[in-house]
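*Asks:* First, the structure itself, so that you have it in front of you.
The values are calculated or read from the model by the stated rules, or taken from the named source; none is laboratory data. Computed from a predicted model, the values in this text were never measured in an experiment. Neighbour counts run over all protein chains shown; Cβ positions are idealised from the backbone, glycine included. Side chains included, ligands, DNA and RNA excluded: accessible areas come from the protein's heavy atoms. Shrake-Rupley method; radii C 1.70, N 1.55, O 1.52, S 1.80 Å.
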Amino acid sequence: MANVEISDKKNVAFTEEIKRIRANLKFSSIDEEVKVIAITSSLPGEGKSTISSNLAAAFAEYDEKVLLIDCDLRKGRQKKIFNVTNTRKEGLSNLLVNKEWKEKYKDFIKQTKIKNLYVIPTGPFPPNPSELLANKKFKELINLLKKEYGIIILDCPPIIGLNDAVVVSTYADTTLLVAKYKSTSINVLENSKKALDKVGARLSGVILNQVDKRANSYYYNNYYGSYYKK
């Protein structure tokens, strides 16, 4: 699989882990349909956009028609990762305020250079992102897109201090929480889980990102314990 965003020479291992996450999600969908996947983190800088983009590319390689929606209407990065246009009139924020969205939503979907992979970038950052994402129009849009795409990945904002990701998680079949190794504390993870549990979001597991493979196994197992799941 070709990585979308290359940061260092450890990408072979990273790619294999992304494929493992994809396989686990495919396996979990045998008994219950998993088409819409929300990906978030507790805090900024934990790698949720990188995980979202690479997981979307992994599903696309599996011959799935994949749509990645950048729901981080405060600091979205998918437009830069995929180098797609994101003008003042093209993006999720524009689409959600468009009165004719049902007729025009396809105009906001951008094809990437990766076969089978499409993106809806953020558009201009609005002053009221939580309100836009909580609008029933967004849920209707996702239900409409589910008829056209095999997998929809929602790259959400961080949870702590914001309501955006918690709202969007209610539209998803499953949610993945990204944590950064030796950075995200258990207390922060627990608070994020409580926020998701409160709205009935289905949390499939935590992706522990940027793990040092040379890490002491005692620290690794005892600090994160059962929170680490791929």
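*Asks:* Of the residues Ile142, Ile151, which single one is modelled with pLDDT of 95 or more and either surrounded by fewer than 20 Cβ atoms within 10 Å (Cβ to Cβ) or farther than 22 Å from Leu96 by Cα (or both)?
*Replies:* Result of the check over Ile142, Ile151: Ile142.
*Asks:* Give the residues of the range 166-192 that are aliphatic (A, V, I, L, M) and under 10 Å from the mean Cα position of the chain (by Cα), sorted by residue number.
*Replies:* Hits for the range 166-192 are Leu176, Leu177, Val178.
*Asks:* Looking at the range 111-128, can you tell me whether even one residue there is touching a Ser or Thr at 6+ places or on another chain (Cβ under 9 Å) and over 28 Å from Ser192 (Cβ atoms)?
*Replies:* yes
*Asks:* Would you please name the residue that is surrounded by the fewest Cβ atoms within 10 Å (Cβ to Cβ), looking only at residues in the range 79-91 that are at pLDDT 90 or above and under 12 Å from Phe125 (Cβ atoms)?
*Replies:* Lys79
*Asks:* Got a sec? Which of Thr112, Thr184, Thr170 is closer than 16 Å to Thr40 by Cα, open to solvent by less than 30 Å² (accessible area, probe 1.4 Å) and of a type in the set (S, T, N, Q)?
*Replies:* Unique residue meeting the criteria: Thr184.
*Asks:* Please go through the range 154-167 and give me each residue that is surrounded by fewer than 24 Cβ atoms within 10 Å (Cβ to Cβ) and not β-branched (Val, Ile, Thr), ordered by number.
*Replies:* Within the range 154-167, Pro158, Gly161, Leu162, Asn163, Asp164 meet the criteria.
*Asks:* Can I ask one more? Return the residue satisfying two criteria in turn: it lies in the range 92-108 and is farther than 16 Å from Glu140 by Cβ and not charged (D, E, K, R), and of such residues it is least open to solvent (accessible area, probe 1.4 Å).
*Replies:* Quick first cut of the range 92-108, residues farther than 16 Å from Glu140 by Cβ only: 93-94, 107.
Subsequent filtering for residues that are not charged (D, E, K, R) retains 93-94.
Details: Ser93: 8, Asn94: 30 Å².
My answer is Ser93.
Here's the yes/no breakdown for (1) among the small types (Gly, Ala, Ser); (2) more than 23 Å from Asp107 (Cβ to Cβ):
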{"residue": "Ala57", "(1), (2)": "yes, yes"}
{"residue": "Glu61", "(1), (2)": "no, yes"}
{"residue": "Cys71", "(1), (2)": "no, no"}
{"residue": "Val84", "(1), (2)": "no, no"}
{"residue": "Lys89", "(1), (2)": "no, no"}
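*Asks:* Check Val84, Val97, Val119 and return the single one that is in contact (Cβ under 8 Å) with a residue 40 or more places away in the chain and either within 20 Å of Val178 (Cβ to Cβ) or of a type outside the set (Phe, Trp, Tyr) (or both).
*Replies:* Val119
*Asks:* For the range 43-78, give me the residue count where each residue is part of a helix (DSSP H, G or I), crowded, with 20+ Cβ neighbours inside 10 Å and not aromatic (Phe, Trp, Tyr).
*Replies:* Quick first cut of the range 43-78, residues part of a helix (DSSP H, G or I) only: 48-61, 78.
Next, only the ones that are crowded, with 20+ Cβ neighbours inside 10 Å stay: 48-60, 78.
Subsequent filtering for residues that are not aromatic (Phe, Trp, Tyr) retains 48-58, 60, 78.
Adding up the residues that qualify gives 13.
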